[in-house]
1. How do the pairs read when you match residues in region 206-230 that are open to solvent by less than 10 Å² (accessible area, probe 1.4 Å) with residues anywhere that are assigned to a loop (DSSP other than H, G, I, E, B) and modelled with pLDDT under 95, using Cβ under 7 Å and keeping only pairs 6 or more apart or on different chains?
2. For region 162-173, which positions are open to solvent by 70 Å² or more (accessible area, probe 1.4 Å) and either in a helix (DSSP H, G or I) or charged (D, E, K, R) (or both)?
3. Can you name the condition, by its number, that I22 falls short on among (1) surrounded by 18 or more Cβ atoms within 10 Å (Cβ to Cβ); (2) at pLDDT 90 or above; (3) out of contact with any strand residue (DSSP E or B) (no Cβ under 7 Å at 6 or more places or on another chain); (4) of a type outside the set (K, R)?
4. Within region 27-34, is there a residue that is out of contact with any Asp or Glu (no Cβ under 7 Å at 6 or more places or on another chain) and in a helix (DSSP H, G or I)?
5. Of the conditions (1) at pLDDT 95 or above; (2) open to solvent by 40 Å² or more (accessible area, probe 1.4 Å); (3) more than 15 Å from the chain's Cα centre (by Cα); (4) not hydroxyl-bearing (S, T, Y), Q150 clears all except one; give me its number.
6. Which members of region 54-109 meet the condition of being on the phi > 0 side of the Ramachandran plot, open to solvent by less than 50 Å² (accessible area, probe 1.4 Å) and touching a residue at least 24 places away in the same chain (Cβ under 8 Å)?
7. Just the residues that are β-branched (V, I, T) and either open to solvent by less than 10 Å² (accessible area, probe 1.4 Å) or touching a helix residue (DSSP H, G or I) at 6+ places or on another chain (Cβ under 9 Å) (or both), please, taken from region 120-142.
8. Looking only at residues that are in a strand (DSSP E or B) and not small (G, A, S) in region 291-330, which one is least open to solvent (accessible area, probe 1.4 Å)?
Amino acid sequence: MGKVGGPLVLLRDTNTAGRQQIHAKYASGELVRVRRGVYLPTQKHRQLTRRQREKLHIVATALTRPRCILTGKSAALIHGLATPSYTSNGITVEIGNATSTGRTERGCKYRNVPNDHESRAQTVQTEFGEVRASSLIDTCAEMALWHSTQAAVTAIESAFQRRPLHVGEWEKMVELIIERVAGRKGAAQARQALKLVTPFSESPRESELKVALWRAGFPVPYQQVNIYARTGELLGRVDFMFECGLVVEYDGRVKYDNSLGTPLDHVLLNERNREKALQNAGFVVLRVDADSFWDQTYLAQIHNLLKHMQNAGFSAPKAQWRAAGRSWKE
C-alpha cells in the first residue's frame, strides 16, 4: 500500500493487488476513508483531535488534487495559525486559482488569486503528507480578504506569535499584507482588519477579546501593560487597560493548569494577591472567563464600569504604568 509522507494510504499509488487489499481492509473496518481514494488506519483516526481531523481532511483533499494550492483558512490551518473550527456542516477546502469565478464543488471553494500567487506558494510537510499552500504572507492576506475580522486578526496575530518580532519587523509584515490585498475584492474589509493587528496579543483568545472590545465601540485600550506601585515595584502585567484605570484580563485555563509546574492553590493565591495589589494601587480589575466571553456578559460590565469611572474622573496615574502599545489603530 502507498504512503505519502505519513499514514495516509492512496489508491492511486497502488497496483491492482494493492487496491484489492485496501478495499478489503476498508470493508473490515481497519481503514477509514477520508476522501475518495484516500484512507487512514482506523486506530490512528480514533486518536485524532477535532483540529487534527480538520487538517487531515484538508490534506487528503489536496492529495487528490496534486496541482492544487491551498489558500485562505485551509492554508492557515496547514501553517499552524489559530483559526476557528469548521462548522458541523462540514469542511470546505479553499483552493487558489488565477482564473476562478468562486465556484464551489465537492467540498472545495475555488478562490480567485493573483497570477503570481503560485510562484510564492510554499511546500508544507504535515503529519499526513506534503501539500502546497499559499505563502504565510499570502495566507494572512487571504484571511483578511475572505473571512471575518475576528478570524483574520486571530490568525494573523498568531503568525506574529510564532517568533518574537520587534516593531519594525511587525510593521514590515503588515505593509506586505496590505500590498497583497490592494486592488482585490474585499480590500476595504481587509484594511480594517489590519488596523486591529498588533504584535502584543499573547494568545488567540486575547486576539478575539480585542476584536470584541473594538466591535463594542469602546475607546482604544492599552495592551500588555506593566503596572507599578508608587514605590516603583512591579505589581503585575495585565492584558488590557483603559486610561481611566480599568483593567480587563482573560482568565485562560492554561493559567490554572498545574502541568505548568506550579500547584493550583499557589497559582490562585498569587493571582488573588496580584489583583489585590492592583486594586490597592487604585486600578479596577475585570476578569473575563470562558463563560462570560461566550455569553458576552462582560461587555455590559465593561460599559458600566467605564461610564462610572469616567464620570467620576478616574485616571490611571501616568507614572504607574507602561504599555507595549495601543490595541488597535483608529
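The values are calculated or read from the model by the stated rules, or taken from the named source; none is laboratory data. Nothing here was measured: the structure is a model prediction, and the numbers come from that model. Don't worry about glycine lacking a Cβ; one is built from the backbone with ideal geometry, like all the others, and counts go over all protein chains shown. Areas reflect the complete protein model, heavy atoms only, side chains present, ligands, DNA and RNA absent. Shrake-Rupley method; radii C 1.70, N 1.55, O 1.52, S 1.80 Å.
1. S207/S201; K210/S201; Q223/T198; Q223/F200; I227/A281; I227/F283
2. Passing the criteria: R162, R163, V167, E171, K172.
3. Against the list (1) surrounded by 18 or more Cβ atoms within 10 Å (Cβ to Cβ); (2) at pLDDT 90 or above; (3) out of contact with any strand residue (DSSP E or B) (no Cβ under 7 Å at 6 or more places or on another chain); (4) of a type outside the set (K, R), I22 comes up short only on (3).
4. Checking region 27-34: at least one residue is out of contact with any Asp or Glu (no Cβ under 7 Å at 6 or more places or on another chain) and in a helix (DSSP H, G or I).
5. (3) is the only condition that Q150 fails.
6. G72, G107
7. Hits for region 120-142 are V124, T126, V131, I137, T139.
8. Of everything passing the filter in region 291-330, W321 is least open to solvent (accessible area, probe 1.4 Å).
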